[in-house]
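Asks: Sharing a structure with you now.
The values are calculated or read from the model by the stated rules, or taken from the named source; none is laboratory data. Just so you know, these numbers come straight off a predicted model, no measurement behind them. Positions of Cβ are backbone-derived with ideal geometry, glycine not excepted, and every protein chain shown enters the neighbour counts. Just so you know, the surface numbers come from the protein's heavy atoms only, side chains and all, with ligands and any DNA or RNA stripped out. Shrake-Rupley method; radii C 1.70, N 1.55, O 1.52, S 1.80 Å.
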Amino acid sequence: MPKRILSCILCATLIFTTAYAAEVTSLEVSAPSAILMEADTGKILFEKNAHEMRPPASVTKIMTILLTMEAIDAGKIKYDDMVIGSARAKSMGGSTIFLDEGEALSVRDMLKGMAVASGNDACVAMAEHLAGSVEEFVALMNKRAKELGMNETNFITCNGLDADGHQMSAYDIALMSRELLKHEDVFQFTTIWMDSLRDGKFTLSNTNKLIRFYKGATGLKTGSTSVAKNCISATAKRDGMHLIAVVMGAETSKKRFADASNMLNYGFGAYGVKKVIEKGKPMSEANVKKGMKSKTELVAENDFTYLFKRSEKNEVLPKINAEKDFDAPVEKGKIGGSVEIVSNGEKIGEVNLVFKEDILKKSLYAVYLSLLENIMKI
């Protein structure tokens with residue numbers, strides 16, 4: 001086996017030991033519903049009534065922002081596209097960016113308005129721009145929620161203003177937040193502390209105070225109404241680990257931020273992550289019979305990130321399952337094996353191994369030339 005492939009496999013054999021003197025063993029959260037999730041793996045690190053459906057207030061806007069980011073990534077809209085404010089958008093109460101009927105702001109500014117100032121009017125304008133009406137957009141929100149496995153969600157509004165039946169669970173908010181974190185462009189909006197619109201005439205100040213005061217904060221969205229009380233989906237990243245702390249129904253804004261901070265502190269103190277398998281890294285070598293090339297590499301199809309407790313010793317080993325010989329042709333990206341990830345003798349995950357390149361089958365002429373070359377050598 002080539003040295004660099006062997007080296008890669010050895011690098012994937014990792015021993016994790018605690019770097020902390022003691023692990024946090026308990027966590028107190030005052031809010032009636034909360035959850036702490038690690039974003040890469042989706043593992044739940046703490047929960048309290050996490051499946052109880054409650055009004056989410058403006059945390060709802062995470063889905064509106066997610067659908068906007070997905071439309072941008074799909075090429076349906078661009079950041080510089082102009083969005084026209086409607087009478088319905090202008091009529092919104094609560095937090096707004098004071099959007100006028102007929103006023104045009106860019107998609108970029110609308111995202112600022114939603115993510116930073118929690119603009120209810122910006123959400124309505126974006127909903128109408130993307131789907132033609134708020135009602136059609138809310139239908140898209142519910143459809144996307146089902147696709148993400150958010151079975152404890154029922155959207156009625158696009159901005160989170162109180163409405164009968166508009167409810168989510170903390171668990172579903174974490175799922176929704178996790179999906180938004182995959183769009184790294186969104187951090188240019190969710191990490192803004194202060195900014196402005198309309199050439200500096202309208203100042204924006206982030207409703208999420210953790211952006212300024214919590215180390216590694218990346219977002220994501222606050223929410224509060226008289227019915228929902230104080231909610232937040234707080235995200236932060238340290239040492240490669242991205243955490244999502246959701247709080248619902250806190251009595252005060254101060255308690256909301258305290259609960260979120262306590263959960264994040266617990267997560268960063270008690271857990272860590274390590275990328276065990278890296279996408280595209282060679283993991284095995286394959287012989288290709290009757291191919292234009294006689295050998296190729298099998299590479300990891302995806303990353304695999306391992307979540308570990310800092311207080312425990314964890315041996316993580318890759319176990320490669322792949323044939324050594326394949327008949328040409330082989331197709332780039334086609335599965336040729338797998339690598340199991342084993343921790344303390346127990347399988348914790350699996351990643352496909354795929355062919356690194358296309359290798360065509362030798363033509364009859366190429367076979368003839370190869371035979372002739374061998375004869376000449378003899």
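Asks: Determine the equivalent ellipsoid of segment 170-237 by diagonalising the alpha-carbon gyration tensor, then write out the semi-axes as square roots of 5 times the eigenvalues, largest first, rounded to whole Å.
Replies: Sorted largest first and rounded, they come to 21, 16, 12 Å.
Asks: Moving on. Using R₀ = 25 Å, calculate the FRET efficiency as 1/(1 + (r/R₀)^6) where r is the Cβ-Cβ separation of Ser30 and Ser226; round to 0.05.
Replies: 0.85
Asks: Relative to the longest principal axis of the chain, what angle (0 to 90°, nearest 10) does the C-alpha long axis of helix 120-131 take?
Replies: Approximately 50 degrees, to the nearest 10.
Asks: If you don't mind, there's one more thing I want to ask. Per residue, how large is the accessible surface of the chain? Use a 1.4 angstrom probe and give square angstrom.
Replies: Per-residue value: 48 Å².
Asks: What full-extension length gain, to one decimal in nm, is calculated for Lys295 and Lys201 as 0.36 nm per residue of separation minus the Cα-Cα distance?
Replies: 27.5 nm
Asks: Right, next: Tell me which lysines have Cα within less than 20 Å of Lys324's Cα, excluding those fewer than 8 residues away on the same chain?
Replies: Lys3, Lys281, Lys289, Lys290, Lys293, Lys295, Lys332, Lys334, Lys356, Lys361, Lys362
Asks: Helix-only mean residue ellipticity at 222 nm, the chain, DSSP H runs n ≥ 4 weighted -39,500 (n - 2.57), per residue, nearest 500. What is it?
Replies: Roughly -9000 deg cm²/dmol at 222 nm, from the helical runs in the chain.
Asks: Shifting gears a bit: With contacts defined as alpha carbon pairs under 8 Å and 6 or more residues apart, what's the relative contact order of segment 234-378 in percent?
Replies: Relative contact order comes out at 20 percent.
Asks: Let me ask something else about it. So what's the Cα pair-distance distribution over segment 126-211, bin width 10 Å, in %?
Replies: The percentages, shortest bin first, are 15, 35, 39, 11, 0.
Asks: What's the angle, to the nearest 10 degrees (0 to 90), between helix 364-377's Cα axis and the longest principal axis of the chain?
Replies: Compared with the principal axis, the helix lies near 50 degrees.
Asks: Further question on the same structure: Take the alpha-carbon positions of the chain, form their convex hull, and give its projected area averaged over all directions (one quarter of the hull surface) in nm².
Replies: Orientation-averaged projected area of the Cα hull: 24.3 nm².
Asks: Ok, one more. Quickly work out the Ile84-to-Met376 label distance, labels modelled 7 Å from Cα along the C-beta direction, and quote it in nm with one decimal.
Replies: Output for this residue pair reads 7.3 nm.
Asks: Here's another thing I want to ask about it. Per residue of segment 281-288, in order, report the coupling 6.51 cos²θ - 1.76 cosθ + 1.60 (Karplus, θ = phi - 60°) as ³J(HN,Hα) in whole Hz, putting x for Gly and Pro.
Replies: 7, x, 10, 7, 10, 10, 8, 10
Asks: Positive end of the charge dipole of the chain (Lys, Arg +1 and Asp, Glu -1 on Cβ, about the Cα centre): tell me which of Ile192, Ala127, Phe137 has its Cα farthest that way.
Replies: Of the listed residues, the answer is Ile192.
Asks: Now, a different point. Greater than 20 Å separation of Cα atoms is the criterion. Which listed pairs, Lys182/Lys255; Lys255/Lys309; Lys237/Lys309; Lys209/Lys229, meet it?
Replies: Lys182/Lys255; Lys255/Lys309
Asks: A further question on this structure: With a 1.4 Å probe and every protein chain kept in, tell me what percent of the accessible surface of the chain is carbon plus sulfur.
Replies: About 50 percent, which is the carbon plus sulfur part of the accessible surface.
Asks: Full-extension gain between Asn151 and Lys279, please, as 0.36 nm times their residue separation minus the C-alpha to C-alpha distance.
Replies: 43.0 nm
Asks: Next question. Using just the Cα positions, wrap segment 320-363 in a convex hull and report its mean projected area in square nanometres, one decimal place.
Replies: 3.4
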